[in-house]
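Undergrad: Before we start, here is the structure in question, set down as structure tokens.
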Amino acid sequence: MKFTYYGDLLGVSGYYKLSSKVAYDKLNLFYNTVFSCMREYCHQHQQVSIQMFSDSLLIWGDESEEILIKLQEVYLRLINKGLLLRGSIVEGKLQESPRLTVDNFNKFLPKTDHLARAVGLESTQKGARLLIEPRLAEVLLRDNYEWMTHEGYINDCINGVPISSIKRRISPTPDNQSFELLYFWATPGEFKSEEIEYSKIKNNLKSISQFLQEDISMHYRETLNLLKRSELRDKITHQ
């Protein structure tokens, strides 16, 4: 299934207000971490395209299930370094309209609404979230349609789908407005999940949230809530 993903790093404007060097160091860590996670994948999957600009990450390609697995690693590695990425993935591959250009004047005009949908969905929730458009979730869960609801997963979590499947990490958001990836429930992959210091992440999210004003603190609390939901889904699955 073709996809378009858009995400942006939370808090960058605030870092710039504190210090341009602080902001640069955060962005530099963001860029290096994403590149390290995605470099080999890009070599092996020529159909995928990635663009990073300022605090934004844009990815589009043909394999939505595979990119969710890689994005889970990206999110975990970023948050393990104290970086909060909020983004969303929608059905359909971004395409640009051919435009007249010159060497120092590039144009990128989307031909469809995929990017607009991803940007719009991304802003509907707080915290370091990976939101999934309902129509894409419906395709990804077509063989396990019961999992489109919380009660459906709880009543039918014991079946032939491997515990490691990324599909088990797809869950409705608490407000039932869209879906999200419970990425804190790590899947076995190219990186070792034990590298992620979950207890440290929990403590940091809780502690930092207490120092910030409400609209900023909310991002940390909602990220912590996502971690708790991931742990709960893991626990329910293994009961």
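Undergrad: Give me LYS200, LYS26 sorted ascending by neighbouring Cβ count inside 10 Å, so fewest comes first. Walk me through the numbers before you get to the answer.
TA: Values: LYS200 11, LYS26 19.
Listed from fewest to most nearby Cβ atoms, that is LYS200, LYS26.
Undergrad: With +1 on each Lys and Arg Cβ and -1 on each Asp and Glu Cβ, how big is the dipole of the chain about its Cα centre, in debye rounded to the nearest 20? Don't skip to the end; give the middle numbers.
TA: Numbers: 30 positive and 31 negative charges, 116 e Å.
So the magnitude is around 560 debye.
Undergrad: Something else about it: Which aspartates and glutamates does LYS2 reach when only Cα atoms under 19 Å apart count, and residues fewer than 8 places away in its own chain are ignored?
TA: ASP62, GLU63, GLU65, GLU66, GLU91, GLU96, ASP113, GLU122, GLU133, GLU138, ASP143, GLU180
Undergrad: Further question: Which distance in nm do the two modelled labels at ARG135 and LYS21 give, with both placed 7 Å along the Cα-to-Cβ direction?
TA: 4.9 nm
Undergrad: For every helix of n ≥ 4 consecutive DSSP H residues, a contribution of -39,500 (n - 2.57) applies; sum these over the chain, divide by its total residues, and give [θ] at 222 nm rounded to the nearest 500 deg cm²/dmol. If you can, show how the numbers build up before the last one.
TA: Working: 8 runs with 108 residues, N = 239.
After summing the helix terms and dividing by residue count, I get -14500 deg cm²/dmol.
Undergrad: By counting other Cβ atoms within 10 Å of each Cβ, how are ASP143, ASP113 ranked from fewest to most? Don't jump to the answer; show the numbers that get you there.
TA: Working: ASP143 10, ASP113 13.
Ascending number of Cβ neighbours within 10 Å: ASP143, ASP113.
Undergrad: Can I ask one more? How many nm is it between the label spots at SER217 and GLU96, if each spot is 7 Å from the Cα in line with the beta carbon?
TA: 4.3 nm
Undergrad: Excluding SER207 itself, calculate the net charge of residues whose Cβ lies under 12 Å from the Cβ of SER207, where each Lys or Arg counts +1 and each Asp or Glu counts -1. Could you put the intermediate results ahead of the total?
TA: Values: positive: LYS200, LYS202, LYS206, ARG221; negative: none.
With Lys, Arg at +1 and Asp, Glu at -1, the neighbours total +4.
Undergrad: Same structure again: Suppose R0 equals 25 Å; then what is the FRET efficiency for ASN176 and GLU65 from their Cβ-Cβ distance, rounded to the nearest 0.05?
TA: Working: r = 23 Å, r/R0 = 0.91.
With a Förster radius of 25 Å, E is 0.65.
Undergrad: Something else about it: List LEU27, LEU227 from most exposed to least, where exposure is judged by having the fewest other Cβ atoms within 10 Å. Display every interim value, and only then the final one.
TA: Values: LEU27 18, LEU227 21.
The order, fewest Cβ neighbours first, is LEU27, LEU227.
Values in this text are rule-based calculations from the coordinates and carry no lab data. Keep in mind that this is a model prediction, so the values were computed, not measured. Cβ sites come from the backbone with ideal geometry, for glycine too, and all protein chains shown count toward neighbours.
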